[in-house]
Amino acid sequence: LCLHIAILIELNKDEEAYDLLEEELQMTYIPSQYENYLNETYEMLYRKTLQNKKQYNVFDTYNDQELKDILISKVDKNLILIVLDQLSKRNIRLYLKELKYILTIKDYPNDLKAIILELLADQGIMEEVKFVNEDQEIDVDLTTLTPLMEQISLEEILKLIEEKVDDKDVSIFNACQDLTVAYHASVYPLPIEEDEYALIAASIYYAALTN
């Protein structure tokens, strides 16, 4: 399999290699001798795919209605990320109705909802919006919204993790950082209570060690 993927990449068949890797990484068992190669290659191809998509203007490729449909569909997460990135440089009010609706879709990926919330706040949408996830429904005041990366809980949980990680284990700490941000994105904009910090830090550290 590794040789097959390497040949596909050499032949510039990145999309075929990416699809094959995605399918393989969903298997319940991956031989340990191949796991690092498969994960690293998948990450490399993912970044390359993302970069290629960033090189074209989605607003030249799709009309407004098609872009609204893409955002709501949640089918192609990579493409949605590109649309949101390019939308941040435009007048978001033309898409306000659809973006506010997305925030109420219970099973829409929460990390994408987090980006939308920050996008609305950054563009000066000074109002309350309804936010719905699997567990609850809340009203979010965009005028007082704290950006995800500025959450106090993010900083405090990373401090607790740093106390556990050996100074030489840079890769482990980097993995912990990624997992901590991902966890915050999965619950944002809901606050994380201080009495939860220690348990979350321990869980993230364990996940980084075992993955």
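The values are calculated or read from the model by the stated rules, or taken from the named source; none is laboratory data. Computed from a prediction, not measured in an experiment: that's the story for all the values here. Cβ: placed from backbone, ideal geometry, glycine included. Neighbour counts: every protein chain shown. What goes into the accessible areas is simple: the full protein's heavy atoms, side chains included, and nothing from ligands, DNA or RNA. Shrake-Rupley method; radii C 1.70, N 1.55, O 1.52, S 1.80 Å.
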Completion exercise
Scoring the chain by relative contact order with C-alpha pairs under 8 Å, at least six apart, yields a percentage of 13 percent
Practice task
With no solvent and one equal point scatterer per Cα, compute the Debye intensity ratio I(q)/I(0) for the stretch 99-148 at 0.21 Å⁻¹ and report its log10, rounded to two decimals.
Solution key: -0.66
Exercise for the section: Would you mind getting the accessible area per residue of the chain, heavy atoms of the protein chains only, 1.4 Å probe, in Å²? Expected result: 62 Å²
Exercise for the section: Place a +1 charge on the Cβ of each Lys and Arg in the chain and a -1 charge on the Cβ of each Asp and Glu, then give the dipole magnitude about the Cα centre in debye, rounded to the nearest 20. Expected result: 780 debye
Handout entry: Nitroxide proxy distance, nm - points 7 Å out along Cα→Cβ at Asn211 and Asp14
Key = 2.3 nm
Practice task
Rounded to the nearest Å, what's the spacing between the alpha carbon centres of the stretch 164-178 and the stretch 70-129? Just the number, please.
Solution key: 32 Å
Practice task
Heavy atoms only, probe 1.4 Å: what % of the accessible area of the chain goes to carbon and sulfur, would you let me know?
Solution key: 49 percent
Practice task
Have a look at Asn78, Val58, Leu11 and report the one farthest towards the positive end of the charge dipole of the stretch 1-100, computed about the Cα centre with Cβ charges (Lys/Arg +1, Asp/Glu -1).
Solution key: Val58
Handout entry: ³J(HN,Hα) computed for each position of the stretch 153-159 - Karplus, 6.51 cos²θ - 1.76 cosθ + 1.60, integer Hz, glycine/proline x
Key = 4, 4, 5, 5, 5, 5, 5
Fill in the blank from the handout: Calculated from DSSP helices alone, with each H run of at least 4 adding -39500 (n - 2.57) and the total divided by the residues of the chain, [θ]222 nm to the nearest 500 comes to -19500 deg cm²/dmol
